[in-house]
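The values are calculated or read from the model by the stated rules, or taken from the named source; none is laboratory data. Keep in mind that what you see is a predicted model, and the values were worked out from it rather than measured. As a convention, Cβ positions derive from the backbone with ideal geometry for all residues, glycine included, and neighbour counts pool all protein chains shown.
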Amino acid sequence: MKRFSYSDHGFQDRLRQLDRTYHANPEVVQSVRQIVADVRQRGDRGLIEINNRYTPVPLTRADLAVTSKPKLPPLSVRDALKKSMRNVEKFYRDRVPKSWTGKNAEGAEYGENYQPLSRVGIYVPGGTAPLVSSAIMTVTLARVAGVPEIVVCTPGPVAPALHYAVKFAGATEIYQVGGAQAVAAMAYGTETIRPVVKIFGPGNAYVTEAKRQVFGAVGVDLLPGPSEIAILADKTAKPAFLAADLLAQAEHGPGSQIFLLTPEKKILDAVAEEIEKQIATLSRQQYLRETLNLGCSLILVKNLKQGIEIVESIAPEHLSLACVGAKGISRTIRNCGGIFIGDFSPVAAGDYAAGPSHELPTGGAGKTFSGLTVDQFVRRTSIVNYDRKALSRARKTVETLAAAEGMDAHKHSVGIRFQK
């Protein structure tokens, strides 16, 4: 774990290193470019050959589509999925944009039509852990928005619990293929997988880079990478809770970034001790240790105000506020994906049950992007409907501005409607 203090020489230089933007690794860029080109040119054959380089269980064309009925997981898992989905549905149901009409100042009718996207692709990670929560937090939104064709790609062989969760959430097609090759297949299509119009979902560096490269051919939601958490704490915080939250996000593995910012050295020391104590009881030791060594920063700040400034520069995926005045502070934060307030709002509650989607911006993207929302599964079309009377009122405005731009044909297209 890296520890540094506001009193250290070079403190500001170290902080600037935390102010991140997305820069793809050149080797990843080149590798993904080749994968995308191969799948685009050779379809299923290229897709399967590439996939089988990275999976211990070879895939055949017959195995690509998962058409079997999912096995029922234990009742406790089914109940948990149902309760999680209920909160997600409740959060987004009333936020689906509705078509509307009105009239402008000249009396012309205008408005917006909203229609769900026709066919979307959703990437659900499933490598080292079957992320059933990612299925709930993405597929459910597509279904609530009314998308008729929801395609899910996830690395095979698909775990039974994930298979059930994906179908339960509303997927209409499932393909057991992962990585950049899955993104390429959804973007350009193969003999088995028809192309989609937009791709959603988190993934590793290769998946994220593939989404960036296919953007334009299809839409994409975000470029979310490894998990992140920043905790802003004061002397009232409970070190055991803070350590547990940091470890929970570190569990996602190397590449994850975890930060603790506090003006209390006692809190910093106690959290470091708690991390060592708790990590011994957890199963994913390799991922936890690697993340702590590479991506854990314990920062002693001068005061909470300085801590807030650093949080804004980090723009973390998750921000936990374990301090007095947390609710007020939450209303001032601009740059982060989601905020968790108080001792009893662990990020894990947001990951699995709270309601808002846990697909959130990472790598500093929280300065410009918000998390996944239901309106991203919907297309907007503006509507304009003038009659003669309304156009006559707008005629001078249109003709004057068209003339100012030197656009005679634009001006003429209005004037001709009033010639005898």
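Can you confirm whether residue 399 is farther than 30 Å from residue 19 by Cα and loosely packed, with under 11 Cβ neighbours inside 10 Å? No: the conditions fail for residue 399. Filtered by the rule that a residue be β-branched (Val, Ile, Thr) and surrounded by fewer than 13 Cβ atoms within 10 Å (Cβ to Cβ), region 3-28 gives a lone residue, 21. In region 151-160, is there at least one residue being part of a helix (DSSP H, G or I) and either surrounded by fewer than 24 Cβ atoms within 10 Å (Cβ to Cβ) or acidic (Asp, Glu) (or both)? Yes, region 151-160 contains at least one residue that is part of a helix (DSSP H, G or I) and either surrounded by fewer than 24 Cβ atoms within 10 Å (Cβ to Cβ) or acidic (Asp, Glu) (or both). Consider region 363-374 and keep the residues that are outside any helix (DSSP H, G or I) and among the hydrophobic types (A, V, I, L, M, F, W, C). The one that is farthest from residue 316 (Cα to Cα) is 372.
For beta carbons closer than 8 Å, sequence separation of 6+ or different chains, a first residue in region 363-392 that is in contact (Cβ under 8 Å) with a residue 60 or more places away in the chain and a second that is part of a helix (DSSP H, G or I) and loosely packed, with under 15 Cβ neighbours inside 10 Å, the qualifying pairs are 391/417. Going through region 338-362 one residue at a time, which ones are in a loop (DSSP other than H, G, I, E, B), free of Cβ contacts under 8 Å to residues at least 60 places away in the same chain and not hydroxyl-bearing (Ser, Thr, Tyr)? 342, 344, listed by residue number.
Comparison of 171, 233, 159, 205 shows that the only residue that is closer than 30 Å to residue 341 by Cβ and either in contact with a Gly (Cβ under 7 Å, 6 or more places away or on another chain) or of a type in the set (Gly, Ala, Ser) (or both) is 233. Beta carbons closer than 7 Å, at least 6 apart along the sequence or on distinct chains, pair a first residue in region 34-55 that is within 14 Å of residue 210 (Cα to Cα) and assigned by TED's automatic domain parsing to the domain that holds residue 181 with a second that is hydroxyl-bearing (Ser, Thr, Tyr) and assigned to a helix (DSSP H, G or I) for 39/188; 40/188. Given the structure, is residue 137 over 22 Å from residue 379 (Cα atoms) and in contact with a Ser or Thr (Cβ under 6 Å, 6 or more places away or on another chain)? When the stated conditions are applied, residue 137 does not pass them.
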